[in-house]
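All remarks here apply to the structure that follows.
Just so it is clear, none of the values below were taken in a lab; they were calculated from the coordinates. None of these values were measured; they are calculated from a predicted model. Cβ sites come from the backbone with ideal geometry, for glycine too, and all protein chains shown count toward neighbours.
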Amino acid sequence: MSAPYALPAEHEPDLRLVHAYWEGLIRGANDMPFWDDFKPDALPELAPRLCLLDVFDEPFRLHFGHIVGAEIHQRYGATVTGRFLDELTPQAPFEFLASQGSAVVEHGAPNFWRRAGGAAKADAAYARLLLPMWGNGRIEMLLCAFSWR
């Protein structure tokens, strides 16, 4: 059975860099890194396109924590820091983010989504990579990276 939002064989160079950094944080035989090992200053050129999402269960919710890159706010058209995803209007660049987040938590592995885009600026193409990170005995945070096209 294939997982939804499966990683493609090849994806955007910026997202490959984030994925490689995430893999480099994995300790020993673990499947994923601990969220507190993530250092945003390790990827300064990509920081405007990165965010950390806090994962809440029962009910499942995603929360934009203290790290949300400036380009993400700009693309959404408002500040999202400190807000839950379900409080926002479902529009680019957060389309299908709740289901993608749920899939990465359920599967326990990175996943990917790409929006083909259209002719209008509001329909711009982009790709999004979600990477799970461990904390307090569960997937507690997701590293989210965007690539705009």
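Some points to look at:
- Theoretical ellipticity at 222 nm over the chain - DSSP helices of four or more residues, -39500 (n - 2.57) apiece, nearest 500: -6000 deg cm²/dmol
- Longest site-free stretch - the chain; sites: GluC sites (Glu not before Pro), DSSP loop, at most 12 other Cβ within 10 Å: 46-149
- Separation of the Ala29 and Leu88 label points, Cα + 7 Å toward Cβ, nm: 3.8 nm
- Cα gyration tensor, the range 60-135 - rounded (a/c under 1.5), prolate or oblate: oblate
- Once exposed loop chymotrypsin sites (Phe, Trp or Tyr not before Pro) are cut out (DSSP; at most 15 other Cβ, 10 Å), longest piece of the chain: 1-59
- Label-to-label distance, nm, for residues given as Thr79 and Ala3 (7 Å Cα→Cβ offset): 3.4 nm
- For the chain, the longest principal axis of the C-alpha atoms and the axis of helix 97-107 are separated by about 20°.
- Per residue Cα convex hull volume in Å³ - calculated over the range 1-126: 137 Å³
- The angle between the Cα long axis of helix 13-24 and the longest principal axis of the Cα atoms of the chain comes to about 20 degrees, rounded to the nearest 10.
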